[in-house]
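Heads up, the thing below is written out as structure tokens.
Computed from the coordinates by the stated procedures, all read-outs in this text should not be read as laboratory data. Model, not experiment: these values are computed from the prediction. So basically every Cβ, Gly included, is an ideal-geometry build from the backbone, and we count neighbours across all protein chains shown.
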Amino acid sequence: MNWFRRFMMGRYGVDQLSFAMLLLSMVLVMFTRGRLWFLAVLGFVLLGLAYYRMLSRNISARARENGLFLQYGQGLQNKWRGWLARMNDRTHRYYRCPGCRQRLRVPKGRGTIAITCPRCHQEFIKKT
Ligand SMILES: [Zn+2]
């Protein structure tokens, strides 16, 4: 393994982004059949990119990409958690204000009511 260590010296190596790319490319290549062949091609491109990143000597650029990826992943995770929490909420309904897109929480089971947005004060009618 000595030659490998020497080969990897000064190169970026594996990070979370490359790992995710490798996983996704494997899934794409293995499970893509027939008319979706272009997804397999995409998988190979992704595989190539993952290796390119691992062997790259531009470490700061690669670290920056990985940082963005982690940030994005965190955002997705928060969205998913929020969605789950709203799905499990049996006592409230969630609406978005038609005026400012603010998310509003209203108690369930009050029939048709007029809701006033606390942010932009627009009124709208919803069933609860
Ligand atoms: Zn509003």
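Below are the figures for this structure:
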item	result
Dipole magnitude of the chain about its Cα centre (Cβ charges: Lys, Arg +1; Asp, Glu -1), debye to nearest 20	460
The stretch 57-128 versus the stretch 1-54: alpha-carbon centroid distance in Å	34
DSSP-assigned coil residues among trypsin sites (Lys or Arg not before Pro) in the stretch 66-104, each with at most 14 further Cβ atoms within 10 Å	Arg90, Arg101
Under-5 Å amide H pairs with His92, H placed in peptide plane, nonlocal only	Lys108
Of the DSSP H helices in the chain, those whose Cα atoms cover at least 18 Å axially and whose Kyte score averages 1.0 or more	16-31, 37-55
Candidates Phe44, Phe19, Phe31: whichever shows maximal mean-square fluctuation once the chain is modelled as a Gaussian network with Cα springs under 10 Å	Phe31
Estimated [θ] at 222 nm from DSSP helical runs (n ≥ 4, -39500 (n - 2.57)) normalised by residues in the chain, nearest 500	-18500 deg cm²/dmol
